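One structure is given below, encoded as structure tokens.
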Amino acid sequence: MNAAFTPERLLEALRAAGVRELAGVPCSILDPLLRVAEQRAEVRYAACSVEGEAVAFACGAWLAGARAAVLLQNSGLGNTVNPLASLALPYRVPLLIVASWRGEPGREDAVHHAAMGAATLPLLAALEIPHLVLRPGACDLEPAVAALAARAWAERRPVALVVPRGALAGAAAAAPQLGERPAVIAEPPVHFGGGPRPSRREAVAAFATTFAGAAVVSTTGFASRELADAGVRASHFYMQGSMGFALAIGLGVARVRPTRDVAVLDGDGALLMRLGSLATVGALAPPRLAHVVLDNGAYASTGGQRTVAASVDFAAAALACGYGAAADCDGSAGLAAALAWSRERMGRGPSLLRLRITAAEGPVRGRPEVAPEVIADAFRGFLAAG
């Protein structure tokens, strides 16, 4: 039997390819690699709440100028389909996926891994993601990783390294390291408001003015359309899919560019899809991230169906997840002050502002008349210039 590759060699191969940011969800097959990565200062590993969040985080890291890899168990590969298909691929964002291969056909494994095990390579092929099975004796580790990563960076596309059971040598068991950090004494929620609720157009216009000069990630749907309608800016990353992952993209940007002001324009329906991202933001605590949530209680761009946001306290949830501050605004009279509060909070840890807006809709606006790749290039150029 061919000797397994050491996790140190795999990590060094990733580093040689320029990877400095790692994000993912743990897997016992990749555990040796994770243990080594967590001990190295040359790379940073972000533990994400779900695999799709890790993909969006990696996309944000690349937009900010870093190369990233996503570590995941193939049973969670299905959770990445949305951000891969509607974010990484259309915006042409390169990243390297390192996926374990549980349920590999012909090998004994738990029965619940069988279906995804059989679907792993066909799924990557269906998404036209180049991939390589890292099998000792069948490939030379360093040249294989170098060639695969070079294709990702040159062609600007996701690629995947599939790691079967036994391909990585095990690491000595270590005592678990708890993710502790100094206790953060959060400010109590702040409340703004008065008068009728603003329209989305009014709220987005005020947001754009308040956060002029910041790096802005806007969620898919009418939020990005409204923001682009006022004039497409290089400082804005307009999402046209991958609903729920605006915060993860912004977090990736903030992780790589900690001195830049980063504002995420989210929606209540989108945030409900990925509430776990609040915990990831709270754990990483980017100092200059402002999270602004437009809440109209509806999925506007799909017909106005109701969300369940009315029963959710987003401000309390953010504080419970480790945000430094949170606020709620209900009424046009408090709009300017609420947004000013959010901007002024930058530099003191992540904050969340819930802006309640009317569900009444004006004329429907089209998507930004700019190709996703062009949006990504302009945003990346904006970040590089600063």
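The values are calculated or read from the model by the stated rules, or taken from the named source; none is laboratory data. Since the structure is predicted, the reported quantities are computational estimates derived from the model, not experimental observations. Because the Cβ atoms are built from the backbone with ideal geometry, glycine has one as well, and the counts that use them run over all protein chains shown. Note: accessible area is taken over every heavy atom of the protein model, side chains too, but ligands, DNA and RNA are not part of it. Shrake-Rupley method; radii C 1.70, N 1.55, O 1.52, S 1.80 Å.
Quick notes on this structure:
- Qualifying positions in the range 78-87 - more than 18 Å from Leu148 (Cα to Cα) and surrounded by 24 or more Cβ atoms within 10 Å (Cβ to Cβ): Thr80, Pro83, Leu87
- Within the range 78-90, residues that are free of Cβ contacts under 8 Å to residues at least 40 places away in the same chain and of a type outside the set (Gly, Ala, Ser) reach partners that are open to solvent by 10 Å² or more (accessible area, probe 1.4 Å) and in a helix (DSSP H, G or I) with beta carbons closer than 7 Å, at six or more positions or on different chains, in the pairs Asn79/Glu51; Thr80/Glu51.
- Residue in the range 132-140 that is closer than 23 Å to Pro372 by Cβ and at pLDDT 95 or above present: no
- Ala126 vs. criteria surrounded by fewer than 20 Cβ atoms within 10 Å (Cβ to Cβ) and either farther than 21 Å from Glu12 by Cβ or touching a residue at least 60 places away in the same chain (Cβ under 8 Å) (or both): yes
- Note on the range 129-149: residues that are in a loop (DSSP other than H, G, I, E, B) and open to solvent by less than 50 Å² (accessible area, probe 1.4 Å) total 3.
- Taking the listed residues Leu72, Leu14, the one that is of a type outside the set (S, T, N, Q), in contact with an Asp or Glu (Cβ under 6 Å, 6 or more places away or on another chain) and over 21 Å from Gly282 (Cβ atoms) is Leu72, with no other qualifying.
- Scanning the range 22-36 for residues that are under 20 Å from the mean Cα position of the chain (by Cα) and either open to solvent by 10 Å² or more (accessible area, probe 1.4 Å) or farther than 19 Å from Trp62 by Cα (or both) returns Val25, Pro26, Cys27, Leu34.
- Test: Ala152 is surrounded by fewer than 17 Cβ atoms within 10 Å (Cβ to Cβ), out of contact with any helix residue (DSSP H, G or I) (no Cβ under 9 Å at 6 or more places or on another chain), without any contact (Cβ under 8 Å) to a residue 60 or more places away in the chain and assigned to a helix (DSSP H, G or I): no
- Meets criteria (within 23 Å of the chain's Cα centre (by Cα) and either modelled with pLDDT under 95 or under 23 Å from Asp377 (Cα atoms) (or both)) for Thr120: no
- Residue ID - nearest to Gly52 (Cα to Cα), chosen from residues in the range 29-42 that are touching a residue at least 24 places away in the same chain (Cβ under 8 Å) and out of contact with any strand residue (DSSP E or B) (no Cβ under 8 Å at 6 or more places or on another chain): Asp31
- Residue list for the range 37-74, filter: among the β-branched types (Val, Ile, Thr) and open to solvent by 20 Å² or more (accessible area, probe 1.4 Å): Val50
- Any hit, the range 78-87, residues being within 23 Å of Val281 (Cβ to Cβ) and hydroxyl-bearing (Ser, Thr, Tyr): yes
- Extreme residue, surrounded by the most Cβ atoms within 10 Å (Cβ to Cβ), among residues of the range 179-201 that are more than 19 Å from Arg345 (Cα to Cα) and at pLDDT below 90: Arg181
- No other residue among Val93, Val98 is in contact with a Cys (Cβ under 9 Å, 6 or more places away or on another chain) and modelled with pLDDT of 95 or more apart from Val93.
- Test: Arg107 is modelled with pLDDT under 95, within 18 Å of Ile29 (Cβ to Cβ), of a type in the set (Lys, Arg) and surrounded by fewer than 14 Cβ atoms within 10 Å (Cβ to Cβ): yes
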